[in-house]
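Inspection log for the structure reproduced underneath, given as structure tokens.
Computed from the coordinates by the stated procedures, all read-outs in this text should not be read as laboratory data. Keep in mind the model is a prediction, meaning the values are calculated, not measured. Here Cβ is always computed from backbone atoms with ideal geometry, including for glycine, and neighbour counts include all displayed protein chains.
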Amino acid sequence: MLIGCSIEDEEDIVANGFFEVFNKDSVLLESGYMRNGKKDSIFLHYHLNGQIKSYTQYDNGIPVFSRYDLKENGDFIRYCYYDNTGKRVYVCRYENEEIVQEDGRGIPQVELHNFYKLDTFKILFTLVTPPNYSRSLEVRYNDSLVVKKKLGNESSYTLFGEHKDKEIKFKAKLYLTKENTDDTLVHFAYANIEAI
């Protein structure tokens with residue numbers, strides 16, 4: 001733990017373990033874990049009043065998965081989702097704890113693995129997890145419903161199955177429903193592969 005570190009010193013520090021940054025008035029501005037001098041795991045930034053300003057997950061210095069930005073009173077301002085390369089693929093902005101603007105894909109990644117000799121497949125859906133919204137996933141395989149499921153906080157869902165068709169077509173819908181309402185946002189993803 002670094003105590004009394006000023007913002008100006010931050011770039012010169014190579015750290016491993018728990019890390020804190022304070023301003024010159026000893027107010028905590030940032031905390032998290034470092035590995036080989038890079039942010040790793042969860043990093044928190046703080047407002048001057050001590051409330052969490054942002055919550056970001058890092059892997060070897062790259063933002064991955066979810067980031068939450070909050071006002072000083074704790075209300076959400078923005079939610080972002082980053083893929084495993086650090087590219088932001090989804091963002092939504094909040095007003096009064098409700099999504100007012102979205103950009104990107106609610107199902108940012110679909111990985112389809114086909115095991116032809118065994119006539120089986122595995123499909124991995126990566127899913128956004130915006131706060132204050134419940135989620136459910138519906139997946140169709142060649143126009144037949146195979147999954148309809150309420151989700152918890154998991155950021156991915158894996159589906160295994162068998163196939164006999166030459167072409168495999170998946171259509172996924174992610175439903176984001178504002179808590180305690182019927183207001184729903186829908187995101188789609190498609191995946192197609194053809195047997196060789």
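When all alpha-carbon pairs of region 7-104 are counted, what percent fall beyond 24 Å? Please list the in-between numbers first.
Working: 1318 of 4753 pairs.
In whole percent, the share of Cα-Cα pairs in region 7-104 beyond 24 Å is 28.
Evaluated at 4 °C with a viscosity of 1.567 mPa s, what Stokes-Einstein diffusion coefficient in µm²/s does region 28-164 have when Rh comes from the Kirkwood expression over alpha-carbon pairs? Walk me through the intermediate numbers first.
Working: Rh = 16.9 Å.
Answer from the Stokes-Einstein relation: 77 µm²/s.
Sparsely packed loop sites in region 130-178 (the GluC sites (Glu not before Pro) outside DSSP H, G, I, E and B with at most 11 other Cβ atoms within 10 Å) comprise E154. Residues K148, K164, K171, ranked from the fewest to the most other C-beta atoms within 10 Å, line up as K164, K148, K171.
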